[in-house]
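Engineer: Submitted below is the structure of interest, expressed as structure tokens.
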Amino acid sequence: MDTNPSHTSSDPPYTPLPDNPSPARIRRPFNGFAAILASLIFLLSLVALIINQSQESLPEQNQNRSPSTPRPTESFSKPEPRGVAQGVSPKSNPSFFSDKVSYNWTNAMFSWQRTAYHFQPEKNWMNDPDGPLFHKGWYHLFYQYNPDSAVWGNITWGHAVSTDLIHWLYLPFAMVPDHWYDINGVWTGSATLLPDGQIMMLYTGSTNESVQVQNLAYPANLSDPLLIDWVKYPNNPVITPPNGTETDEFRDPTTAWMGPDGTWRITIGSRHNKSVGISLVYQTSNFTTYELLEGVLHAVPGTGMWECVDFYPVAINGSTGLDTSAHGAGIKHVLKASLDDTKRDHYAIGVYDPVTDKWTPDNPKEDVGIGLQVDYGRYYASKTFYDQNTQRRILWGWINETDTETDDLDKGWASVQTIPRKVLYDNKTGTNILQWPVEEIESLRLRSTAFTEIVVGPGSVVPLDIGQATQLDIFAEFEIEIISETKHEKYGCSGGAVDRSALGPFGLLVVADQTLSELTPIFFRPVNTTEGIVETYFCADETRSSKASDVYKQVYGSTVPVFTDEKFQMRVLVDHSIVESFAQGGRRVITSRIYPTKAIYGDARLFLFNNATGVNVKATLKIWELNSAFIHPFLFDQN
């Protein structure tokens, strides 16, 4: 279907983009006697609650709560986030919203939030992706999982398989915390496929004394395409924290790569003197004994603890991925670290010396932790693997929650994985990687709608009649026509979509309701700089994505290179409460986790908008409705 509406400043009055979110409901104090009486009742209730909770185990989620039941308010206190005391990054919301009234969520709202084609378990908590690999026709994804609850704890390795990276089947747990060296958690790890077909899985275990050690596991039966059973090496751990390393800051071994001397290397994240992020290098010939090499692969002061380190080669000129052991002419290496202090995934591109086992960034001003991010949104603990089946480097990442733990327990699950992304070197900029959804996502496409050269005037919002707007694959291309004089401006993403400047913002309003009381703008903002050049920002604004006050909402984004021979281009995947946005072929990516209350089911809409003051915007789009992936357990009773 091809449509061609337009909306310029000469058209009838437009629906303005709301300039502020709905006011949050804040607790108001009582006066006089009522306040004294309420305080006494509250104190007595609090004492009773503490006594009661001291006799109970971790709360289970309530899946049968009536939609009309009022939500309990969150605690007034702000305890240490879950996971920190155990030696990992925070696994609970950054704020408990003690000054806000908890939103009265319904089961229908919770049900809508669950994604249709992103990977997530049937229930309970999930975090980091682990050890992805391809074996005998099946892609394998392992992941950090709590089988008992929708909050972090009792970390076990979940396991799922797929033939196409989209339609996943749940399998039994791969590994559980059942030995002294991992009794407090089977934490993040990586797989290495050896030339003879063996699979070595290195992972971090938290010991009975909460020391972080590295352990080895391998399949019990390599002829099994599903790799159901795993064996832990009898003499685990294979690596313990070296002298001078904090025992709770030493984790997440990478996939191994072969050095020029014929032995393997891995790198493990840690920190030095509390503030210097480092990546240690170990050498092994058999995966059971290791030697710590002198120095570090790389270190960056001021970046703190590095976890979930990833290290892999990319071809300077090429359309395929490289095996992790590749090195030589025409190859750069990507070093990525998940920063425990900021909860961001940072990377840099540089040169690896396989003789000295040192890596040097191409641009020290954009080193790991102080420059580029893998994803500028709600995203962490990413991990790549080399898909030898299709010669691709494929990236996974964890989308964590920004609601409260009480909400997660009520809905019965927490966290989602991103759509797997193909990773390449951007040889046009020479400074960044490109990330793009794997082509298998196209198998979900249903009907499509095209819009050609829609003209959107300053301050305009244009509805796009596409029907169902909660499962979408959107390609959008924008051109601007300057209609008034512009001057240099100091704008970025932080002001959101309501912050008007001469050349922007303009883009899409996704998961919006008809009245625009809830909306999530994905937009470009070109800015004239003092140097006389145009700098472009790519942003996602969550601040009006939900009327719920107990949800953490912010504006994400960064600058993105746009060349003079390029139009402004974005691809947006919408999957209910997840929005993944890709700018300029994947030079920048932003993942959003949103919690709408109105823009759900049939009330979700899609709009174009132009909130600039000095340009007309011409937009061309192609939009596909996407099917569900119907992720479900593997049926063992069928061949």
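The values are calculated or read from the model by the stated rules, or taken from the named source; none is laboratory data. Keep in mind it's a predicted model, so treat the numbers as computed, not measured. Cβ placement follows ideal geometry from the backbone for every residue including glycine, while neighbour counts extend to all protein chains displayed. The protein model used for the area step is the full one, side chains on, heavy atoms only, and it has no ligands, DNA or RNA in it. Shrake-Rupley method; radii C 1.70, N 1.55, O 1.52, S 1.80 Å.
Engineer: Go through the stretch 368-375 residue by residue and turn each phi into a ³J(HN,Hα) via Karplus (6.51, -1.76, 1.60, θ = phi - 60°); whole Hz please, and just put x for glycine and proline.
Structural biologist: Result, rounded to whole Hz: 4, x, 10, x, 5, 10, 5, 8.
Engineer: Compute all pairwise cysteine Cβ distances in the chain, then list the cysteines with no distance under 4.7 Å to another cysteine.
Structural biologist: When partners are defined as cysteine Cβ atoms under 4.7 Å apart, the chain leaves 308 without one.
Engineer: Using each residue's phi in the stretch 579-595, evaluate 6.51 cos²θ - 1.76 cosθ + 1.60 at θ = phi - 60° and report the 3J(HN,Hα) Karplus result to the nearest Hz, with x for Gly and Pro.
Structural biologist: Once θ is set to phi - 60°, the couplings for the stretch 579-595 become 10, 10, 10, 10, 10, 6, x, x, 5, 9, 9, 9, 9, 10, 10, 10, 9 Hz.
Engineer: Okay, which of the stretch 261-284 sit inside 20 Å, backbone N to the point 7 Å along the Cα-Cβ direction of residue 351?
Structural biologist: In the stretch 261-284, the label zone of residue 351 (backbone N under 20 Å from the point 7 Å along Cα→Cβ) covers 261.
Engineer: Spelling out what I want: for every residue of the stretch 437-449, take phi, set θ = phi - 60°, compute 6.51 cos²θ - 1.76 cosθ + 1.60 (Karplus), and round to whole Hz; glycine and proline get x.
Structural biologist: x, 4, 5, 4, 4, 5, 5, 8, 5, 10, 6, 10, 9
Engineer: Here's something else I'd like to know. How much accessible area per residue does the chain have, in Å², with a 1.4 Å probe?
Structural biologist: Per-residue accessible area for the chain comes out at 40 Å².
Engineer: Hey, what did the chain get for relative contact order, percent, Cα under 8 Å, at least 6 apart? List each step's numbers first, then the result.
Structural biologist: Details: 1691 pairs, mean separation 99.8, N = 639.
With pairs under 8 Å counted, the relative contact order is 16 percent.
Engineer: Could I ask something else about it? Given R₀ = 56 Å, FRET efficiency for residue 635-residue 370 by Cβ-Cβ distance, to 0.05? Don't skip to the end; give the middle numbers.
Structural biologist: Values: r = 49 Å, r/R0 = 0.87.
That pair, residue 635 with residue 370, gives E of 0.70.
Engineer: OK, next. Show me, bin by bin at 10 Å from 0, the whole-percent P(r) of the stretch 165-212 based on Cα pairs.
Structural biologist: In whole percents, the pair-distance histogram is 24, 36, 32, 8.
Engineer: At a Förster radius of 41 Å, what calculated FRET efficiency corresponds to the Cβ-Cβ distance of residue 331 and residue 111, to the nearest 0.05?
Structural biologist: On the way: r = 47 Å, r/R0 = 1.15.
It comes to 0.30.
Engineer: Over all alpha-carbon pairs of the stretch 261-381, lay out the pair-distance distribution in 10 Å bins, whole %, shortest bin first.
Structural biologist: Pair shares across the bins are 13, 44, 34, 8, 0.
Engineer: Quick one: which residues, 5 or more positions from residue 135 or on another chain, have an amide H under 5 Å from its amide H? H modelled 1.01 Å from N in the peptide plane, none for Pro or chain starts.
Structural biologist: HN-HN under 5 Å from residue 135: 140.
Engineer: Calculate the dipole size of the chain relative to its Cα centre from +1 charges on Lys and Arg beta carbons and -1 charges on Asp and Glu beta carbons; express the result in debye to the nearest 20.
Structural biologist: Values: 49 positive and 72 negative charges, 219 e Å.
The dipole magnitude comes to about 1060 debye.
Engineer: Convex hull volume of the Cα atoms in the stretch 326-481, per residue, in Å³? Before the final figure, lay out the partial values.
Structural biologist: Details: hull volume 35.0 nm³, N = 156.
Here the figure is 224 Å³ per residue.
Engineer: What is the packing order of peptides 104-110, 257-263, 594-600, taking the mean over residues of other C-beta atoms within 10 Å and listing the highest first?
Structural biologist: Values: 104-110: 17.0, 257-263: 13.7, 594-600: 23.6.
Ranking, from highest mean packing down: 594-600, 104-110, 257-263.
Engineer: Over the Cα atoms of the chain, each weighted equally, I'd like the Debye log10 I(q)/I(0) at q = 0.07, 0.11, 0.12 Å⁻¹, rounded to two decimals.
Structural biologist: -0.46, -1.13, -1.31
Engineer: Return the carbon/sulfur percentage of the accessible area of the stretch 128-185, one whole number, probe 1.4 Å, all protein chains in place.
Structural biologist: Accessible surface attributable to carbon and sulfur in the stretch 128-185 totals 56 percent.
Engineer: Here's another thing I want to ask about it. Roughly how big is the stretch 467-592's charge dipole about its Cα centre, with Cβ charges of +1 (Lys, Arg) and -1 (Asp, Glu), in debye to the nearest 20?
Structural biologist: In total the dipole reaches around 240 debye.
Engineer: Carbon and sulfur: what percent of the stretch 267-402's accessible surface (1.4 Å probe)?
Structural biologist: On the way: 2390 of 4700 Å².
For the stretch 267-402, the apolar C and S fraction of the accessible surface comes to 51 percent.
Engineer: Another question about this same structure. Collect residues whose amide H, placed 1.01 Å from N in the peptide plane, falls under 5 Å from the amide H of residue 379; neighbours closer than 5 in sequence don't count.
Structural biologist: 400
Engineer: Sorting check: for 183-189, 152-158, which peptide has the highest mean count of neighbouring beta carbons within 10 Å, and how do the rest follow? Can you show the working numbers first?
Structural biologist: Numbers: 183-189: 25.0, 152-158: 22.4.
Descending mean neighbour count gives 183-189, 152-158.
Engineer: Sketch the reach of a paramagnetic label on residue 448 as a point 7 Å from Cα along Cα-to-Cβ, and name the residues of the stretch 598-627 whose backbone nitrogen lies under 15 Å away.
Structural biologist: Of the residues in the stretch 598-627, 620-627 have backbone N under 15 Å from the label point off residue 448.
Engineer: Find how much the distance from residue 292 to residue 319 grows on full extension, using 0.36 nm per residue of separation minus their present alpha carbon separation; answer in nm with one decimal.
Structural biologist: On the way: separation 27, 0.36 × 27 = 9.72 nm, distance 3.49 nm.
Contour length minus the Cα-Cα distance gives 6.2 nm.
Engineer: The stretch 460-603: percent of C-alpha pairs farther apart than 25 Å?
Structural biologist: Details: 2660 of 10296 pairs.
Here the long-distance tail beyond 25 Å is 26 percent of all Cα pairs in the stretch 460-603.
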